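Here the structure is laid out as structure tokens; the discussion comes afterwards.
The values are calculated or read from the model by the stated rules, or taken from the named source; none is laboratory data. The structure presented is a predicted model; accordingly, all values stated were derived computationally and were not measured. Here the Cβ positions follow ideal geometry from the backbone for every residue, glycine too, while neighbour counts run over all protein chains shown. Calculation scope for accessible area: heavy atoms of the full protein, side chains included, ligands and nucleic acids excluded. Shrake-Rupley method; radii C 1.70, N 1.55, O 1.52, S 1.80 Å.
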Amino acid sequence: MNSDFLIIGSGIAGLSLALKAARLGKVSVITKKEEVDTATNLAQGGIAAVLNSEDSFSEHIRDTLKAGDGLCDENVVRMVVENGPARVKELIDIGVNFVKEKNGNLSLGREGGHSKRRVAHAYDLTGREIERALVESVGNNPNISLYENHMCVDLITEDAKDIDENVSQRRCVGAYVIDEYGEVKVFLAKVVVLCTGGAGKVYLYTSNPDIATGDGVAIAHRAGAEISNMEFVQFHPTCLYHHQAKNFLISEAVRGEGAILLDQNNERFMEKYEPDQMELATRDKVARAIDTEMKRTGADCVYLDIRHKGSAFLQERFPTIYNKCLSLGIDIAKMPIPVVPAAHYLCGGVKTDVHGRTTIGCLFALGETSCTGLHGGNRLASNSLLEAVVYAENVYRYCESNWSSIAKQKNNEAYHYKNGDKEKIDEEILINHNWDIIRRVMWNYVGIVRKESRLILAKQRIAEVRKEIDEIVETFQVTPNMLELKNISLVASLIIDASLARKESKGLHYILDYPATEVE
Ligand SMILES: Cc1cc2nc3c(=O)[nH]c(=O)nc-3n(C[C@H](O)[C@H](O)[C@H](O)COP(=O)(O)OP(=O)(O)OC[C@H]3O[C@@H](n4cnc5c(N)ncnc54)[C@H](O)[C@@H]3O)c2cc1C
């Protein structure tokens with residue numbers, strides 16, 4: 001399979017880039033499940049940008065830097081914020097229906113850490129609306145071929161020679177891809193882009209969809225690309241706590257509309273932790289407060305109370321949340337919502353420059369799988385959809401400017417992945433058992449509040465599991481499930497190593513052994 005661009009992933013990052021890249025050449029998009037199986041499709045709150053005259057770039061920049069706890073790249077923050085309005089307009093131009101006020105202006109939501117209302121939304125179905133418009137546009141583009149149930153196994157890299165024939169850098173020329181029948185194919189391309197989303201599945205409790213197994217980070221790491229900031233995992237403070245609800249998020253926008261947090265005795269507790277910002281403090285602070293309260297009281301959850309807004313408002317503003325909760329017997333207009341924190345967003349990832357380039361030639365990373373410098377130690381809510389569309393434009397612009405030299409590249413066609421020679425795995429329990437161990441170890445030892453001794457224990461446990469997984473992968477034919485396990489175990493060890501290396505509490509990395517360093 002040959003194309004100009006190989007884009008791995010069909011969320012906002014992959015599809016936004018595909019539409020632009022198709023102006024330059026043939027684009028293959030591969031996605032490991034169905035096209036809409038993405039975190040993008042689940043995004044509720046919306047996309048942050050400066051969208052009216054009451055807001056300003058300097059305030060959005062300040063809020064982003066503050067959330068990032070001194071670790072953001074300020075130039076990147078400025079670039080992303082200043083490009084935000086144009087990218088949101090582009091989404092509207094391809095048919096995304098953001099909600100408007102009666103006067104025709106965009107209706108803007110407010111979320112934790114934002115000093116202004118600046119989140120364009122489609123009620124609490126923003127991601128679904130964005131994904132719908134992108135999928136439709138991609139489907140109408142003859143230059144884009146989309147392959148569902150095609151999972152990237154590994155990248156294919158070569159030594160790249162400079163003009164004096166010296167090896168100067170590794171260059172990515174394509175990927176091994178396993179299809180739904182278990183056949184591993186070779187996809188070659190001049191530009192390869194990892195848009196594989198996050199890694200929430202590394203933790204027992206997560207808001208993320210099943211696809212979020214950190215594949216892009218693991219694949220890039222195996223290929224030798226630089227990975228950074230893996231210690232910064234964002235836990236969303238409020239996932240629905242109900243035995244029948246898998247990964248259901250209660251959007252930050254609910255707190256933005258005035259919901260308060262209560263303990264099991266109906267007492268509001270945020271004033272003990274964040275007396276100024278209360279429930280609208282950044283996610284790390286709210287998640288830590290909830291975690292502390294749950295540990296202190298031994299309760300399984302806390303409660304989010306938005307009853308005072310009344311049924312009519314809640315049904316209109318949060319139809320999905322309202323109906324989902326109601327289907328589980330929770331009328332949010334009449335009773336508080338039981339919630340727990342859950343792994344939500346990976347701030348670290350494959351390190352890129354401002355053009356989205358990784359440290360491997362012709363390999364780019366985009367969206368949640370990348371680490372651009374925007375989020376620093378903690379992502380400001382609703383900045384991730386923004387980051388994906390801004391960097392899709394940057395990757396495209398870079399490729400457009402350098403297209404004559406990129407297009408000249410000739411790829412060796414002699415690649416082959418040996419899979420068929422091995423026997424098929426006959427006991428799925430070998431895989432599922434290890435999944436469970438990893439996710440529990442990460443939740444219990446590498447969660448919201450960390451301790452060096454627990455991190456060391458986690459490192460040992462994950463190393464043992466990884467050894468066993470390596471043996472399984474060596475012995476049997478690879479399957480998507482096996483690959484995800486291998487990837488998630490590698491990502492777990494990257495998170496642990498990065499957490500052990502950072503000897504301070506910063507942003508989302510809160511470690512009891514070292515005093516917090518709060519930056520105002
Ligand atoms: C419940 C929820 C609510 C959120 N709400 C918001 C919000 O309101 N605002 C905001 O800014 N952010 C929000 N986020 C975060 C945001 O949705 C994500 O960061 C963003 O959508 C990521 O987009 P992406 O394109 O990078 O990845 P995704 O949308 O997750 O897409 C990843 C794609 O990669 C594919 N893939 C993965 N591995 C492979 C592989 N090995 N081979 C082939 N394909 C692969 C997947 O199948 C998928 O198609 C939310 C996240 C969640 C989970």
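In summary, strands (runs of 3 or more DSSP E) completely within the range 114-216 and bearing 1 or more residues that are near the ligand (Cβ under 8 Å from one of its atoms), open to solvent by less than 30 Å² (accessible area, probe 1.4 Å) and touching a strand residue (DSSP E or B) at 6+ places or on another chain (Cβ under 8 Å) occur at 151-161, 167-178. Taken over the range 40-52, the criterion of being under 24 Å from Y147 (Cβ atoms) and assigned to a loop (DSSP other than H, G, I, E, B) is satisfied by A43 alone.
So which residues in the range 481-510 are of a type in the set (V, I, T) and either within 16 Å of the ligand (Cβ to nearest atom) or at pLDDT below 95 (or both)?
Of the residues in the range 481-510, the ones of a type in the set (V, I, T) are 488, 491, 495-496.
Within the range 481-510, I488, V491 meet the criteria.
Scan the range 430-445 residue by residue and report those that are of a type outside the set (K, R) and either open to solvent by 40 Å² or more (accessible area, probe 1.4 Å) or within 30 Å of Y181 (Cα to Cα) (or both). Those that are of a type outside the set (K, R) and either open to solvent by 40 Å² or more (accessible area, probe 1.4 Å) or within 30 Å of Y181 (Cα to Cα) (or both): L430, I431, N432, H433, N434, W435, D436, I437, I438, W443, N444, Y445.
Of the residues making up the range 250-273, those that are open to solvent by 10 Å² or more (accessible area, probe 1.4 Å) and among the charged types (D, E, K, R) are E257, D263, E267, R268, E271, K272.
Considering D37, D63, D4, D55, the condition of being within 16 Å of the ligand (Cβ to nearest atom), crowded, with 17+ Cβ neighbours inside 10 Å, outside any helix (DSSP H, G or I) and acidic (D, E) is satisfied by D37 alone. Taking the stated definitions as given, is L366 open to solvent by less than 40 Å² (accessible area, probe 1.4 Å), more than 17 Å from G197 (Cβ to Cβ) and either within 16 Å of the ligand (Cβ to nearest atom) or at pLDDT below 95 (or both)? Judged against the criteria, L366 is not a match. Of all residues in the range 371-429, those satisfying the criterion of being within 16 Å of the ligand (Cβ to nearest atom), of a type in the set (F, W, Y) and either in contact with a Phe, Trp or Tyr (Cβ under 9 Å, 6 or more places away or on another chain) or open to solvent by 50 Å² or more (accessible area, probe 1.4 Å) (or both) are Y391, Y417.
Of all residues in the range 7-34, which are in a loop (DSSP other than H, G, I, E, B) and small (G, A, S)? Can you show your working first?
The first filter runs over the range 7-34 and keeps only residues in a loop (DSSP other than H, G, I, E, B), leaving 9-11, 22-26, 31-34.
Across the range 7-34, the qualifying residues are G9, S10, G11, A22, G25.
Taking the range 463-520 as the range and being in contact (Cβ under 8 Å) with a residue 24 or more places away in the chain, within 20 Å of Y445 (Cβ to Cβ) and aromatic (F, W, Y) as the test, only Y510 passes. Suppose we keep only residues that are touching a Phe, Trp or Tyr at 6+ places or on another chain (Cβ under 6 Å) and at negative phi within the range 345-356. Which one would you say is surrounded by the fewest Cβ atoms within 10 Å (Cβ to Cβ)? So the residue we want is H355.
Out of the range 226-271, which residues are of a type outside the set (A, V, I, L, M, F, W, C), assigned to a strand (DSSP E or B) and over 24 Å from the mean Cα position of the chain (by Cα)?
Taking the range 226-271 first, the residues of a type outside the set (A, V, I, L, M, F, W, C) are 226, 228-229, 231, 234, 236-238, 241-244, 246-247, 251-252, 255-258, 263-268, 271.
Now restrict to residues that are assigned to a strand (DSSP E or B): 228, 234, 236-238, 268.
Result: R268, single match.
Of everything listed in (1) open to solvent by 40 Å² or more (accessible area, probe 1.4 Å); (2) out of contact with any Ser or Thr (no Cβ under 6 Å at 6 or more places or on another chain); (3) in contact (Cβ under 8 Å) with a residue 40 or more places away in the chain, the single unmet condition for L91 is (1). Could you tell me which residue of the range 17-34 is nearest to the ligand (Cβ to nearest atom), considering only residues that are over 16 Å from N149 (Cβ atoms) and either under 16 Å from the mean Cα position of the chain (by Cα) or among the aliphatic types (A, V, I, L, M) (or both)? Once the filter is applied, the top-ranked residue is L17.
Residues are listed down the side, and each one gets a yes or a no for (1) under 17 Å from Q44 (Cβ atoms); (2) touching a residue at least 40 places away in the same chain (Cβ under 8 Å):
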residue: R268; (1), (2): no, no
residue: P275; (1), (2): no, no
residue: L304; (1), (2): yes, yes
residue: Q315; (1), (2): yes, no
residue: G329; (1), (2): no, no
residue: F364; (1), (2): no, yes
residue: G373; (1), (2): no, yes
